[in-house]
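The values are calculated or read from the model by the stated rules, or taken from the named source; none is laboratory data. Every value quoted in this text rests on a predicted model; they were computed, and no experiment measured them. As a convention, Cβ positions derive from the backbone with ideal geometry for all residues, glycine included, and neighbour counts pool all protein chains shown. With ligands, DNA and RNA removed, areas are computed over all heavy atoms of the protein, side chains included. Shrake-Rupley method; radii C 1.70, N 1.55, O 1.52, S 1.80 Å.
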Amino acid sequence: MRTVRRSDGNPYDWPLDRRCARQGTALPGNRVAIIDKQTGQVQPPGELGKIVVSGCASPGHLGQPDETAASFDPDGTFRTGDLGHLDANGELHFAGRASEMIRTGGINVSPLEVEEFLLTYGAVEEAMVVGIADPKADQVPIALVRTTSPHDTDEATLLAFCRDQIAAYKVPRRIVLRTTALPRTATGKLVRTALTEEAQALGRARRADAEPAEGCQVSPEACG
């Protein structure tokens with residue numbers, strides 16, 4: 001890993017769009033690297049992988065040796081459990097928690113990336129994207145979105161918006177609209193567990209609707 005020196009001033013002085021898009025370079029005395037999730041090899045700039053930190057890091061979890069062994073390498077490198085990439089300037093771009101990544105058709109999809117894209121649509125106030133099990137693609141992304149009012153947009157419009165501007169594998173399989181606030185913790189973080197359960201229920205209902213009635217050899221629509 002390499003220590004990257006700040007060459008363009010304090011990040012607090014950066015323009016807002018730059019601060020929103022990246023987390024900056026490592027602090028003095030720290031080193032940040034991106035490693036491949038399978039091989040542990042350091043990744044080149046632009047490649048997504050696990051974020052690891054070494055240098056002036058914590059020595060571990062107090063009184064929790066098992067947790068320390070799970071999160072720290074013998075040399076003290078901290079495995080953050082986060083995903084991201086470094087750009088050519090050594091600035092970190094956070095992609096999300098490794099446990100929250102959606103694996104669809106053999107490709108990793110960052111929920112955070114899709115959420116940020118959905119938030120660029122004017123009528124969308126909040127967005128959360130979760131992955132649910134799919135028999136053909138491992139997982140598929142499902143989006144739960146709060147809009148400004150129930151009449152501002154609809155699922156078909158938002159799906160078309162996604163298909164026009166992001167890769168097909170990132171487009172949510174379904175977008176569920178709601179006008180109530182998405183659940184959050186006391187610190188303001190979205191409660192992904194609750195919404196994942198809601199999305200899984202929707203996925204099960206959708207698959208049930210798509211299955212032919214017993215003994216039917218034609219499409220579900222023709223079975224009546």
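The table that follows gives values for the structure above.
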read-out	value
Stretch gain in nm, segment residue 47-residue 19, where the contour uses 0.36 nm per residue and the Cα spacing is subtracted	8.1 nm
The chain, accessible surface, carbon-and-sulfur percent (1.4 angstrom probe)	51 percent
q = 0.25 Å⁻¹: log10 I(q)/I(0) that the Debye formula gives for segment 102-142, counting C-alpha atoms only	-0.77
Contact order normalised by residue count of the chain, Cα under 8 Å, 6+ apart, percent	12 percent
Kirkwood hydrodynamic radius of the chain, Cα pairs, Å	20.1 Å
Compactness of segment 47-102 as Cα Rg over 2.2 N^0.38 Å, two decimals	1.24
Dimensionless Rg/Rh of segment 27-76 - Kirkwood Rh, Rg from C-alpha atoms	1.01
Rounded accessible area per residue of the chain, 1.4 Å, Å²	60 Å²
Sparse-neighbourhood loop sites, trypsin sites (Lys or Arg not before Pro) in segment 27-136 - DSSP loop, at most 15 other Cβ within 10 angstrom	37, 136
Stretch gain in nm, segment residue 186-residue 125, where the contour uses 0.36 nm per residue and the Cα spacing is subtracted	20.1 nm
Binned Cα-Cα distances of segment 59-149, short to long, each 5 Å bin given as a whole percent	3, 12, 15, 15, 16, 15, 13, 8, 3, 1, 0
Expected 222 nm ellipticity per residue - DSSP helices of 4 or more, -39500 (n - 2.57), all of the chain, to 500	-7000 deg cm²/dmol
Stokes-Einstein D in µm²/s, Kirkwood radius over Cα pairs - segment 1-132 at 37 °C with 0.692 mPa s viscosity	201 µm²/s
Two-site label geometry, residue 200 and residue 168: point separation in nm, points 7 Å out along Cα→Cβ	2.9 nm
For segment 108-207, radius of gyration divided by Kirkwood radius, i.e. Rg to Rh on alpha-carbons	0.94
FRET E, pair residue 75, residue 99, Förster distance 30 Å, beta-carbon r, rounded to 0.05	0.80
Relative contact order (%) - segment 65-119, alpha-carbon pairs under 8 angstrom, separation at least six	20 percent
